Structures are given as structure tokens and as C-alpha cells.
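Enquirer: A single structure is presented below for examination.
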Amino acid sequence: MAYEKVWAQDTSKLNKDELKKLEKDGLTILDDIQVYAKQGFDAIPKEDWSLFKWAGLYLQKPKEDGYFMMRVNIPSGIITNEQAEVLAGIGRDYGRDVIDITTRQAIQFHWLTIEQMPDIFDRLKSVGLSSVGACGDIPRTIVGNPLAGIDPNELFDTRQIVDDIYWFFQSNEEFSNLPRKYKMSISANVNNAGHDRINCLAFTPAIKEIDGEEVLGFHIKVGGGLSSKPYLAEELDVFVRQEQAKDVAIAITTIYRDYGYREKRHRARLKFLIADWGPEKFKEKLLEYIELPSKGTCQIKEWNAGYFYGAHKQKQEGLSYVGFNVPVGRMDSAEWFDLARIAKEYGNGEIRTCNSQNLVVPNVPDEKVEALLQEKLFERITTSPKNFMAYSVSCTGIEYCNLALVETKEQMRRVAAYLDEKIEIDVPVRIHMVGCPNSCGQRQIADIGLQGIKMKTKDKGMVEAFEIHVGGTLEKDIAQFNEKLKGKISADDISDVLVQLLQYFKDNKEAKEDFYHFVKRVGIETLQMQLDGILGEAS
């Protein structure tokens, strides 16, 4: 069904990207790719490079070399055995064995060429996977509860809801020209597995009594997002029945499409519309599209930050799921093939990815858990990682990303390994490293966020360096982004600086006190003094 592009009535107020999208919808790149695959990379006009995002593709650094990064959508992180085999095969045949798990539960490949795309798309399609919309000004993959359907801590099973909404928006030309990227989260897990406050639209578990009946459904939050100007999502005073979720998602996406800002691209995210309108005005606009009652009772209890390590009982009697650490989210194709074999041999073949860049093998009969854990693969990808490696997250970094200023994947792995060697702390400390302000590694919600920068030195010129941010959380009722400490630390020195800062935490924390509450208790000024002292000693 055609819709009116109301923003096109006055093109003088549109940015250059919007003008280009009026000439050519991003989804048309899917047809162009078939042509370019025969003609080669040199046949692609530079002005069309940005359109590849709609196919889930970005050109790697340097762009002129013609290698692509691809993200594959994995709604709620649920991968079938056949899909796992296909993903492993793409990594082996085309991706130089590099397979990454992202902070939105997607799978990411590198080193792909335009000539390979038709076969890759065919392989993905054959098992019900798609990269379409994994990037671009379009609804992205839906993140959610990786334990959906097996979770003793979920209010209800969200798998069908996620599936219905994902496939409605997939390649839907009515919603392929949004003002900017648009991220959704759907979870009924009481531990906020969907990271509700950092998504454009988040469905969270709630209960409401309606006509004397207790109804299980959702509350919704809108306008979250990170990057250089982060916002926490605002909750609307509405209750959504499970069967209404798709209609609500369509209505909110329609509002964003038609009323979102298109003049300045850096202000085009939904978060800016919510910041200007406020949740009450946005709710009134939503009610013009769909009738909804006021809020019920939120069922979120606490935030688990997306970690599920170890073997745990499912809600299905006699079955367990097993959560593993994937260091900074990176695996190779041989490991994925082995993982697929293990998931099929010990479970039902499924693999679940987490927004902590880790994975879960579900549906393992209780009596098979011990044997599964003896598999050689789980010596590196383990249920019992050391403390800092367990809670380290990293974006792609300068290795492949054109926006990044520093290398992150290997750097974060080295930092975590060094911290595990030098210091022991009795509580998790979540450390997220990002290579640029876009924050794909979700730096703002970490206990310690490391923001990559360039720093000028006397003897080495410009070097890779980091700024430290402390005290982020998405815990219920106290959610906040971390705050920057003044000071630039070279990549060579960051590990030692963190050891000293964490030693201060260890020496001065109260029993069982976590890092967030420690920061709130002692204050940013105190930590700034400590960092100043450390950097003074280093100089």
C-alpha cells in the first residue's frame, strides 16, 4: 500500500541524504547488487556506496579496497541448527574465518566482495535468514530475550511476537525510508534482557487487571539511544496486550517515519523527537492510531546485563540451557561448525546469541550437561571465564570500521587478560570499549566505558588513546549513563591505569558493593582525584 511522503512537500528543509532517498529507495540496492556482482566493484558509483547499508553491508576500511562487512539479523538471538551451519560456511568460504557476535545479537562477517553477494544472499535465504535492514534508515533487527520460550524468568514467550513484527518490517517499502536507524527491543524477561532504555522502542513485561482479569502484556519505552548525544528511553502511560504488540510497533514506527526530523541528520533519531515532544504528547499521538489503556504494573525486577553463564534449569522439566563466554564476541568458522555439532548432539540444535556478545546452548537434557561441558571447544569459550574477560565488550574497531579511531577487539581482550592476571575483585566489573562516539559497543551503560580517541605525544606524535567513563547502569529505577573522567590515556598505558583505578575500588568498596554503587557513594570528584594521581605518577 502506497503512503504519502509528507516530508517531501518542502525539499528545501531536507538534508542531502534525504534528497537522495527520495530519488532512490535504499531497498533498490538489492537489485543493483545482482548487477554489480557481475560487473565488479569498480562499476559501483561512489554515490551509491551508502545505500549498501539497506542490505546490511558497510564497506570496510579502506573503502576503496572493495571489501564489505555484513551483519545478519538474528531476531532475539535465536539460531536454528541449519542456520548455524550456513553462517559457519559463509565465514569459512568468504569471511576469512572471522565471525563476530554483536551487541544487538546479530552475526557479523568481514572481507566479503561484491561478486560473492548473490551466493551469500541465497545461502541466507535458504534457511530463513536475512541481512536486509541490519543497517540503514530502516527498522533494524529486533533484540530481545535470548532465552525466549525456555526462560523461567519470563512473563510469557515472546518468540512469535518478535517473529511477526520482524517479518512485517523486513523489506517493507512503507518503512524503508525512516529519518535514521531505528532499533527495537522486545522482551518479557524480568531481568531486562532487552536493554529497554537504550532502544528507540522497547516492549517490557507488565501486568494489568482488565475487567477483573489479570492480563499479561507490555509497557513501552520510546526514544532511547546512544552515540555522541545519548538519551534514556521514556516510558509511555499505556498498556499493550500481547496481541496488540505488532499494531503498536507499526503505529510508533509510522509516527517516527512521518514526524521524525529530516533536516539535520545528526538530529534525526527518534530520541530527539521524544526529547522535544515529551512522552505525554507522543502518547496522545499514538492513541490516534490505536486505543490503549493506561499502564499496569511493571514486572522488571533487576538487570542482568545480558549475561547467562553456566548451566541453568529451563522451564521445561528435565532440560537446561548453558551460557558461555565468547571473548569480545569473536569466533572462527571452525568453532561455529563445532558449536553447531555440539548443539545438535546435546540439545535440539539451537544456539542463542546474547547482547553481551556471548552465547547460550539451550534444550540440553540435564543428564547430558556434564558431557557437553567436556567438549574441547569449551576450553576457550567457557561457562566460567575469569572475572574481567567475562564482562568485557568491544565494538569492531579500526581493524574494519571506517568510523573508528582506535583498534578495539584485540585491545579489549589484552586489557581483560591483563586485569585478570593482576587483580581479583569479588563482584563483576563490566568494561566496554568503543572506537568512536557512535558507541556500537554500548560504552555508556558500562561500569567502566573506554572511549577511543587520538592523542598527541611529544615523542610518538599521534597515538591511539582512551578516555575513561564510570558508573553506567540500566538497573531499574536508577538507570544512568556513565560519566567521563578528565584525562587521556595512551593505549599502551590503559591496562596499568585500570589496574590502579580498580585497586582503589577494591581497597575502598564495602562488602558486596558493586562498581556503580561505589561510584555513587564516593562521587566522581573522588575518582577524578585518583585518576589524576595515577596519571601524575605515570608522567
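Enquirer: For region 16-117, which helices (runs of 4 or more DSSP H) that fit wholly inside it have 3 or more residues that are small (Gly, Ala, Ser)? Working first, answer last.
Expert: Values: elements: 16-23, 29-39, 81-93.
It comes to 81-93.
Enquirer: Just for region 411-469: of the residues that are among the charged types (D, E, K, R) and free of Cβ contacts under 8 Å to residues at least 12 places away in the same chain, which one is nearest to ILE101 (Cα to Cα)? Step through it out loud before you land on a result.
Expert: Step one: of region 411-469, the residues among the charged types (D, E, K, R) are 413-414, 420-422, 424, 426, 430, 443, 447, 454, 456, 458-460, 464, 467.
Filter again for free of Cβ contacts under 8 Å to residues at least 12 places away in the same chain, leaving 421, 456, 458-460.
Details: GLU421: 25, LYS456: 33, LYS458: 38, ASP459: 38, LYS460: 34 Å.
Here the residue is GLU421.
Enquirer: Which residue out of GLY306, GLY296 is modelled with pLDDT of 95 or more, of a type in the set (Gly, Ala, Ser) and surrounded by fewer than 22 Cβ atoms within 10 Å (Cβ to Cβ)? Can you show your working first?
Expert: On the way: GLY306 fails: surrounded by fewer than 22 Cβ atoms within 10 Å (Cβ to Cβ).
None of the other options fit; the residue is GLY296.
Enquirer: While we're looking at this one, here's another question. Filter region 150-162 down to the residues that are among the aliphatic types (A, V, I, L, M) and over 17 Å from SER320 (Cα atoms), then identify the one that is surrounded by the fewest Cβ atoms within 10 Å (Cβ to Cβ).
Expert: Pass one, region 150-162, residues among the aliphatic types (A, V, I, L, M): 150, 155, 161-162.
So of that shortlist, the ones also over 17 Å from SER320 (Cα atoms) come out as 155, 161-162.
Working: LEU155: 20, ILE161: 24, VAL162: 25.
In this case the residue turns out to be LEU155.
Enquirer: Tell me, which residue of region 209-233 that is surrounded by fewer than 23 Cβ atoms within 10 Å (Cβ to Cβ) and among the β-branched types (Val, Ile, Thr) is farthest from GLU475 (Cα to Cα)?
Expert: ILE210
Residue-wise test of (1) of a type in the set (D, E, K, R); (2) buried (at least 21 other Cβ atoms within 10 Å of the Cβ); (3) in contact with a strand residue (DSSP E or B) (Cβ under 6 Å, 6 or more places away or on another chain); (4) within 30 Å of ARG262 (Cα to Cα).
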{"position": "PRO139", "(1), (2), (3), (4)": "no, yes, yes, yes"}
{"position": "ALA148", "(1), (2), (3), (4)": "no, yes, no, no"}
{"position": "ARG197", "(1), (2), (3), (4)": "yes, yes, no, yes"}
{"position": "CYS200", "(1), (2), (3), (4)": "no, yes, yes, yes"}
{"position": "ILE207", "(1), (2), (3), (4)": "no, no, yes, no"}
{"position": "GLU235", "(1), (2), (3), (4)": "yes, no, yes, yes"}
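Enquirer: On to the next question. State whether one or more residues within region 315-323 are assigned to a loop (DSSP other than H, G, I, E, B), among the hydroxyl-bearing types (Ser, Thr, Tyr) and crowded, with 20+ Cβ neighbours inside 10 Å.
Expert: No: zero hits.
Enquirer: May I pose another question? Kindly establish whether ASP237 is without any contact (Cβ under 8 Å) to a residue 60 or more places away in the chain, part of a loop (DSSP other than H, G, I, E, B) and within 24 Å of LYS281 (Cβ to Cβ). Talk me through it step by step, then tell me what you get.
Expert: Details: without any contact (Cβ under 8 Å) to a residue 60 or more places away in the chain: yes; part of a loop (DSSP other than H, G, I, E, B): yes; within 24 Å of LYS281 (Cβ to Cβ): yes.
In short, yes.
Enquirer: Tell me, which residue of region 118-150 that is of a type in the set (Asp, Glu) and part of a helix (DSSP H, G or I) is nearest to ILE78 (Cα to Cα)? Give the steps one after another, and end with the answer.
Expert: Taking region 118-150 first, the residues of a type in the set (Asp, Glu) are 119, 122, 137.
Now restrict to residues that are part of a helix (DSSP H, G or I): 119, 122.
Values: ASP119: 23, ASP122: 20 Å.
So, considering only residues that are of a type in the set (Asp, Glu) and part of a helix (DSSP H, G or I), the one nearest to ILE78 (Cα to Cα) is ASP122.
Enquirer: If you take the residues in region 267-294 that are of a type in the set (Phe, Trp, Tyr) and assigned to a helix (DSSP H, G or I), which one is farthest from GLN244 (Cα to Cα)?
Expert: Going residue by residue through region 267-294, those that are of a type in the set (Phe, Trp, Tyr) are 272, 277, 282, 289.
Still in the running and assigned to a helix (DSSP H, G or I): 272, 277, 282.
Numbers: PHE272: 26, TRP277: 24, PHE282: 18 Å.
Per the criteria, the residue is PHE272.
Enquirer: While we're looking at this one, here's another question. Quick one: in region 39-61, of everything that is in contact (Cβ under 8 Å) with a residue 40 or more places away in the chain and of a type outside the set (A, V, I, L, M, F, W, C), which residue is nearest to ASP164 (Cα to Cα)?
Expert: Top of the filtered list is GLY56.
Enquirer: Limited to region 194-247, what total is found for residues that are more than 24 Å from ILE78 (Cα to Cα) and among the aromatic types (Phe, Trp, Tyr)?
Expert: Counting residues in region 194-247 that are more than 24 Å from ILE78 (Cα to Cα) and among the aromatic types (Phe, Trp, Tyr) gives 2.
Enquirer: Please enumerate the residues belonging to region 170-191 that are touching a Ser or Thr at 6+ places or on another chain (Cβ under 7 Å) and buried (at least 21 other Cβ atoms within 10 Å of the Cβ).
Expert: Within region 170-191, the subset touching a Ser or Thr at 6+ places or on another chain (Cβ under 7 Å) is 170, 175, 182, 186-188.
Of everything in region 170-191, those that are touching a Ser or Thr at 6+ places or on another chain (Cβ under 7 Å) and buried (at least 21 other Cβ atoms within 10 Å of the Cβ) turn out to be PHE175, TYR182, ILE186, SER187, ALA188.
Enquirer: Could I ask something else about it? Can you go through GLN528, GLN442, GLN480 and tell me which one is modelled with pLDDT of 95 or more and farther than 30 Å from ALA193 by Cα? Even if it seems obvious, please write down each step before you answer.
Expert: On the way: GLN442 fails: farther than 30 Å from ALA193 by Cα; GLN480 fails: farther than 30 Å from ALA193 by Cα.
So the residue among GLN528, GLN442, GLN480 that is modelled with pLDDT of 95 or more and farther than 30 Å from ALA193 by Cα is GLN528.
Enquirer: For region 256-270, does any single residue satisfy the condition of being under 19 Å from PHE169 (Cβ atoms), free of Cβ contacts under 8 Å to residues at least 60 places away in the same chain and buried (at least 18 other Cβ atoms within 10 Å of the Cβ)? Walk me through it before giving the result.
Expert: Just the residues of region 256-270 that are under 19 Å from PHE169 (Cβ atoms), to begin with: 256-260, 268-270.
Filter once more, so that each one left must be free of Cβ contacts under 8 Å to residues at least 60 places away in the same chain: 259.
Subset that is buried (at least 18 other Cβ atoms within 10 Å of the Cβ): none.
The answer is no, given that none of the residues of region 256-270 is under 19 Å from PHE169 (Cβ atoms), free of Cβ contacts under 8 Å to residues at least 60 places away in the same chain and buried (at least 18 other Cβ atoms within 10 Å of the Cβ).
Enquirer: Does any residue of region 271-282 turn out to be under 21 Å from GLU302 (Cα atoms) and in contact with a Cys (Cβ under 9 Å, 6 or more places away or on another chain)?
Expert: Keep residues of region 271-282 that are under 21 Å from GLU302 (Cα atoms), which gives none.
Within region 271-282, none of the residues are under 21 Å from GLU302 (Cα atoms) and in contact with a Cys (Cβ under 9 Å, 6 or more places away or on another chain).
Enquirer: Select from region 484-505 the residues that are farther than 16 Å from ARG414 by Cα and loosely packed, with under 15 Cβ neighbours inside 10 Å and write down the one among them that is nearest to the chain's Cα centre (by Cα).
Expert: LYS484
Enquirer: Consider ILE252 carefully, then state whether it is touching a Phe, Trp or Tyr at 6+ places or on another chain (Cβ under 7 Å), modelled with pLDDT of 95 or more, β-branched (Val, Ile, Thr) and not in a loop (DSSP other than H, G, I, E, B).
Expert: Taking the combined requirement at face value, the residue does not satisfy it.
Enquirer: Now for a different question. Do you know which of the residues in region 55-87 that are of a type outside the set (D, E, K, R), under 30 Å from GLY349 (Cα atoms) and out of contact with any strand residue (DSSP E or B) (no Cβ under 7 Å at 6 or more places or on another chain) is surrounded by the most Cβ atoms within 10 Å (Cβ to Cβ)? Talk me through it step by step, then tell me what you get.
Expert: Of the residues in region 55-87, the ones of a type outside the set (D, E, K, R) are 55-60, 62, 66-70, 72-81, 83-84, 86-87.
With under 30 Å from GLY349 (Cα atoms) added as a condition, the list becomes 55-57, 68-70, 72-81, 83-84, 86-87.
Next, only the ones that are out of contact with any strand residue (DSSP E or B) (no Cβ under 7 Å at 6 or more places or on another chain) stay: 55, 80-81, 83, 86.
Values: ALA55: 25, THR80: 17, ASN81: 17, GLN83: 23, VAL86: 22.
Looking at residues that are of a type outside the set (D, E, K, R), under 30 Å from GLY349 (Cα atoms) and out of contact with any strand residue (DSSP E or B) (no Cβ under 7 Å at 6 or more places or on another chain), I get ALA55.
The values are calculated or read from the model by the stated rules, or taken from the named source; none is laboratory data. As the structure is a prediction and not an experimental result, all values here were calculated from the model. Methodologically, a virtual Cβ is constructed for each residue, glycine included, from the backbone with ideal geometry; neighbour enumeration extends over all protein chains shown.
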